[in-house]
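Data block below; observations after.
The values are calculated or read from the model by the stated rules, or taken from the named source; none is laboratory data. None of these values were measured; they are calculated from a predicted model. No Cβ is skipped: glycine too gets one built from the backbone with ideal geometry, and neighbour counts run over all protein chains shown. Side chains included, ligands, DNA and RNA excluded: accessible areas come from the protein's heavy atoms. Shrake-Rupley method; radii C 1.70, N 1.55, O 1.52, S 1.80 Å.
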Amino acid sequence: MPAGRPRQFDPPTALNRAIDVFWSRGYEGASLQELLAATRLSRSSLYQTFGGKHQLFSRCLVCYRESVAAEMIRRLEEAPSGRAFIEQSMRRAVAEQQVPGGPRGCLVLNTANEFGHRDAEVSRHVRAGLSAFRDIFAEAIRRGQADGSVARIHDPDRLAAYLVAAMGGLRTLVKADDSSASINDALELLLAALD
């Protein structure tokens, strides 16, 4: 870091505040003014620390992915079975209906929907996030197969890919404020895939 005044802010705190803005508003919907207000940074501090809105967004995606993956791994380690972890994860997605301010979904999946393939760097971060989530679900499936809570007929990697896709669908139904009955029906059918 060049000589001069020391930083008057904590970059990880600023990054977490920026994640909240992007998560709630999306990349396009998040104005620079909103990001500056949320992070409590001046324009020059934001650019010096993060390099601009796009670079800040990329850092937010990495931080979000690492945080969510670490939380998933912690919950998997504490779960009584592989299936219990999967059920808990899916039910948590459905429970987002009750979150004050409305459901935000998953920042990685939201970003995939917003960007598609039009930005190579963002697409790389989205793929890394999806891959991390699939790997954790695949480990839960292998654990479930070992403990007898998930049928052994399934290929763990293929079933994990299905679970990530299904969770994205559940989150979309929740964000669309579909009826609780249809969301719960979808959830039960999804969980039946573990049998």
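Below is a table of values for the structure above.
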quantity	calculated
Rounded if a/c under 1.5, otherwise prolate or oblate - the chain, Cα gyration tensor axes	prolate
Whether region 92-169 is rounded, prolate or oblate, judged on the alpha carbon gyration tensor where a/c under 1.5 counts as rounded	oblate
Most mobile of GLY116, GLY101, GLY82 in a GNM of the chain (Cα contacts under 10 Å)	GLY101
Spatial separation of Cα centroids for region 169-195 and region 18-65, in angstrom	32
Within region 123-195, trypsin sites (Lys or Arg not before Pro) in DSSP loop having at most 16 other beta-carbon neighbours inside 10 Å	ARG152
Anisotropy class of region 24-129 from Cα gyration tensor, a/c 1.5 cut	prolate
Accessible surface of the chain, 1.4 Å probe, proportion on carbon and sulfur as whole %	52
Relative contact order (percent, whole number), the chain, Cα cutoff 8 Å, 6+ residue spacing	22
